[in-house]
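Undergrad: Okay, handing you the structure first.
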Amino acid sequence: MHYSIIIPVYNRPDEIGELLESLTMQTYKDFEVIIVEDGSEITCKSITDLYADSLNIRYYYKENSGQGFSRNYGFERANGDYLVVFDSDCIIPSHYFEHVTKQLNLTKADCWGGPDRALSSFTPVQKAINYSMTSLLTTGGIRGGTKKSEGFHPRSFNMGISRGVFKQTGGYKITRMGEDIEFSIRIIKYGFKSVLIHDAYVYHKRRTGLREFYSQLHFFGRARINISRYYPDELNLIHFFPVLFFIGYLTMLPLFFLAAKAASVLFISYLIYTLLLFAHSFQTEKSIYISALSVAAAYIQFTAYGLGFLSELLSDHSV
């Protein structure tokens, strides 16, 4: 199998070097790399040039159109049997394409996705954010932390499709606001087989600070409502949980003056959940500091997502 790796980049030249370096270490080497510079003011051309001898790599610069359409731009210029999308802030373990090839030979899937993990070299905040985004106590099942394999909706930080999928679907139809989820849903509705490959994980650095993490998750909340404008049946009760979580702790204090007993039950519930988050994170990271940050990241995740979800739900337009 020949793979074409599509990497859209926007003003992040500092990230692309680590990703490209990890690709040079792949045990399965039948792939090409296509860098799509999406109208960046600070380009990564000088960094990609450093890998001209070690990778089959091509660099394109285009006007800014957003990451969805930039991936389509790369798809149109790709030669591979399978088209693979990574975010520029990912690092790929050396076994990635070897495991994907084995699984595709077994499952004959048209589309796949994989989980994300944190490297030991990541900062405490990055590890805490990784915990919040991958733990089964938060949203881990959605991002590949589930044992279920078939019918998985891949995210574009780690996603692959066959050339036939691109030909029939036309690729991404929206460039932002949930473009990867919309694409995954449409792939499955077209009748293609999508699977989760557990060993096809990537190390995902994501945002470097909690403030940036808040902005990203607020956007994710808005994106979920935007997707429901295309597929109303994809908006489920579980998507309202962050809103309820936020409302619950927001109303806890005034509730003490109105119904003290109910407020006490609510307080104890949040306390137990907080302790579970802390203990579960500590079991993985063996760090009190990272565990405390993980609790903060989880609360930020639910708050930001819930507020973004509400703001877009109450608006009368899509992006």
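Undergrad: Report the extension gain between residue 240 and residue 173 in nm, rounded to one decimal, defined as 0.36 nm multiplied by the number of residues separating them, less their alpha carbon distance.
TA: 21.6 nm
Undergrad: Using Cα extents along the principal axes in Å as the read-out, say which of (1) 67, 47, 32; (2) 68, 43, 43; (3) 58, 56, 35 was calculated from these coordinates.
TA: Working out Cα extents along the principal axes in Å from the coordinates points to (2).
Undergrad: Now, a different point. If you take the square roots of the eigenvalues of the alpha-carbon gyration tensor of region 150-259 and sort them as a ≥ b ≥ c, do you get rounded (a/c under 1.5), prolate (a/b over b/c) or oblate?
TA: prolate
Undergrad: Could you pull out every residue, at least 5 positions away or on a different chain, whose amide H is within less than 5 Å of the one on residue 31? Hs are placed 1.01 Å off N in the peptide plane, and Pro or chain starts have none.
TA: So residue 31 has HN proximity to 3.
Undergrad: Given contacts defined as C-alpha pairs under 8 Å and at least six residues apart, what's the relative contact order of the chain, whole-number percent?
TA: 19 percent
Undergrad: Next question, about the same structure. Report, for the chain, the % of DSSP beta bridges that are antiparallel, rounded to 5.
TA: So the antiparallel bridges in the chain amount to around 35 percent.
Undergrad: Also, quick follow-up: For region 57-62, what does the Karplus curve 6.51 cos²θ - 1.76 cosθ + 1.60, with θ = phi - 60°, yield as ³J(HN,Hα) per residue in whole Hz, taken in order and with x for Gly and Pro?
TA: 10, 10, 10, 10, 10, 9
Undergrad: Express in whole angstrom the spacing between the alpha-carbon centres of region 247-299 and region 26-70.
TA: Answer, in whole Å: 43.
Undergrad: List the GluC sites (Glu not before Pro) within region 14-77 that fall in a DSSP loop (any state other than H, G, I, E or B) and whose Cβ has at most 10 other Cβ atoms within 10 Å.
TA: Sites meeting the loop and neighbour criteria: 41, 63.
Undergrad: Still on this structure, I have one more. For region 109-122, in order, what is each residue's ³J(HN,Hα) by Karplus, 6.51 cos²θ - 1.76 cosθ + 1.60 with θ = phi - 60°, in whole Hz (x at glycine and Pro)?
TA: 7, 9, 8, 8, x, x, x, 10, 9, 10, 7, 5, 7, 5
Coordinate-derived values only; no laboratory data. All values reported here derive from a predicted model rather than from experimental measurement. For neighbour counting, all protein chains shown are included, and Cβ atoms are generated from backbone atoms with ideal geometry for every residue, glycine included.
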